[in-house]
Amino acid sequence: MLITRFFTEDGVGEVQDFMPVTGDGQAAESGRHRLIRRVVCVRGTVPFRARVAPRFNYGADPHTVRPLNGLLLFESPERSLALTSTVVMECDGRDAWADFKLGEGETAVFALDLAGEEVPPRGCPHMEAEHEFNATVTYWRRWLHQSRYRGRWREMVHRSALTLKLLTYAPTGAIVAAPTTSLPEQLGGERNWDYRYVWVRDAAFAVYALLRLGFTGEAEAFMRFLTTHISPGCGDHSGPLQIMYGIDGRTELPERELTHLEGHLGSAPVRVGNAAADQLQLDIYGALIDSIYLYDKWAQPISSGQWDDVCHLVAWVCDHWDQPDEGVWETRGGRRNFLYSRLMCWVAVERAIRLANRRGLPADLPRWRQSRDAIYRWIMDRGWSDRRGAFVQHEDSEVLDAAVLMMPLAKFIAPTDPKWLSTLDALTEDLVSDSLVYRYDPQASPDGLRGDEGTFSICSFWYVEAMVRAGRLDEARLAFEKMLTYANHLGLYAEEIGRTGEQQGNFPQAFTHLSLISAAFNLDRALG
């Protein structure tokens, strides 16, 4: 529910925007997508102007608008929208508008629906809008009441939980990385990507955050998505899983540029689809199997079929963990032997071993243990730089990468191990700017793209959590509370924070909000 308040010389007005949901979290009517806007005069009198100007297929398809049975129908070749309003609307064949004035306590209602033969358009009178408003408020309050978090930063944690829920596609349980495309990581730069897909990594981390708070239903829905839409294939050098899928499980996500659009503040190109779907990113296996392990531990036991899928994935990881890949940051500068990819392969095998031992499930444990130990030795021997006194980004380099902050979080290394504390100090020196953390230096480690980027917010929260586990609680709390001040007025975060504090990249970003939840949970527990 979004309420925007306007103050004028003659009165106070509110615009209330929401999408109705019922008690089970589905759309108010089967098959219907509805957006309701209520305009309210709270005090005095307020003049308003409303303008409705939809664009179809990213502005590429023409459309018309015409009156039909008391509503306005916007029609394009692919789909139509129906607009109903309690005030008189005018139209010019393409857009619609209205000028009206409301007195204290008066309300105007606008409703925008997907129109079609199966869902005939209908009106939205004041009483219906009031009912939908109250029912939707009740739904979200009841959903949030499931949270077990009672810590110091409840409002921000719950806002992040709501964000993750809103990024979930109810019909399948898919969790998208962000609901937007091509919001730039640097104004005027080319780092503009389409994030409206299910990244296995991001969704698995989101499941961890939701489980931490007690939202087992969302975790169960995502497990259903995995079982229904993502069955591990036979497996080859490119892996039995893609790194991302569509919200309906589709695998074809071709990337194209929309050259007729100038982009946000002139930041072209605008992209639809994501070519990174074809990359090899070995870390996704660790993120996924860790989430399955936690679901089995905190929610309900996985099925025999799910365990067969886990065994299939682990067997593939044992055969392929030592090959180069594009890495967690899905760089476009060629494959390397990234430490983080090895780390999460270790997590994949180690969590599977734990699960097999706890449940007494059949597994090729001698082979799994051998692979787990080989990965460990590789990281300790080839991922460590004596000169830097730190674990580095990839083999045969001395470049630092904030992704290694996951090493103690994943329980690979003790958070007070001398090698880790030295790494933490090196990261603080090279990649931290007043508690904000860059993921890596693209000048020192070319990623195949031009331009710079801001600090990466998930890394900033990982940094907080790493300091918590290292016992540096005062530093961790200060860094965490500084990060809270960079949220926008609604408590939301994009992917990155720019040099002057602005949000950069797609928005809101699941990565940032799930890491906020984890950092808040662990910091609060450590503070007692």
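The values are calculated or read from the model by the stated rules, or taken from the named source; none is laboratory data. Note that the structure is predicted; figures quoted are calculated from it, not measured. Don't worry about glycine lacking a Cβ; one is built from the backbone with ideal geometry, like all the others, and counts go over all protein chains shown. Remember, those area values only see protein heavy atoms, side chains included, never the ligands or the DNA or RNA. Shrake-Rupley method; radii C 1.70, N 1.55, O 1.52, S 1.80 Å.
A few comments on the model shown:
- Annotation: lysines with alpha-carbon distance below 19 angstrom to Lys419 (same-chain offsets under eight excluded): Lys411.
- Applying the criteria of a DSSP loop state and at most 16 other Cβ atoms within 10 Å to the trypsin sites (Lys or Arg not before Pro) of the range 284-365 yields Arg332, Arg335.
- Of the peptides 460-466, 503-509, the order by per-residue mean of other Cβ atoms within 10 Å, starting with the highest, comes out as 460-466, 503-509.
- Projecting label points 7 angstrom from Cα along Cα→Cβ for Leu35 and Ala275 puts them 3.1 nm apart.
- In the range 76-117, GluC sites (Glu not before Pro) in a DSSP loop with at most 11 other beta-carbon atoms within 10 Å: Glu78, Glu117
- Ranked by the mean number of other Cβ atoms within 10 Å per residue, highest first, peptides 82-88, 381-387 order as 82-88, 381-387.
- Surface composition of the chain: carbon plus sulfur atoms contribute 49% of the solvent-accessible area (1.4 Å probe, protein chains only, all chains present).
- Residue among Ser160, Phe511, Gly327 farthest towards the positive dipole end of the chain, charges placed on Cβ: Ser160
- Each residue of the range 136-152 was assigned a 3J(HN,Hα) from its phi angle through the Karplus expression (A = 6.51, B = -1.76, C = 1.60, θ = phi - 60°), giving 6, 4, 4, 4, 5, 5, 5, 4, 5, 5, 6, 4, 8, 6, 10, x, 5 Hz with x at Gly and Pro.
- Here is the list for the range 248-277: GluC sites (Glu not before Pro) lying in DSSP coil, each with at most 12 other C-beta atoms within 10 angstrom of its C-beta, are Glu252, Glu262.
- Scalar couplings 3J(HN,Hα) for the range 275-284, obtained by applying the Karplus form with A = 6.51, B = -1.76, C = 1.60 to θ = phi - 60°, are 5, 5, 4, 8, 6, 9, 10, 5, 5, 4 Hz; x denotes Gly and Pro.
- In sequence order, the range 348-361 has phi-based couplings of 4, 6, 5, 5, 5, 4, 4, 5, 4, 5, 5, 9, x, 8 Hz under the Karplus curve 6.51 cos²θ - 1.76 cosθ + 1.60, θ = phi - 60°, and Gly or Pro positions carry x.
- Taking the longest Cα principal axis of the chain as reference, the axis of helix 457-469 is set at about 50 degrees.
- Kirkwood Rh and Cα Rg combined as Rg/Rh, the range 66-107: 1.06
- Probe 1.4 Å, accessible area per residue of the range 319-449, Å²: 41
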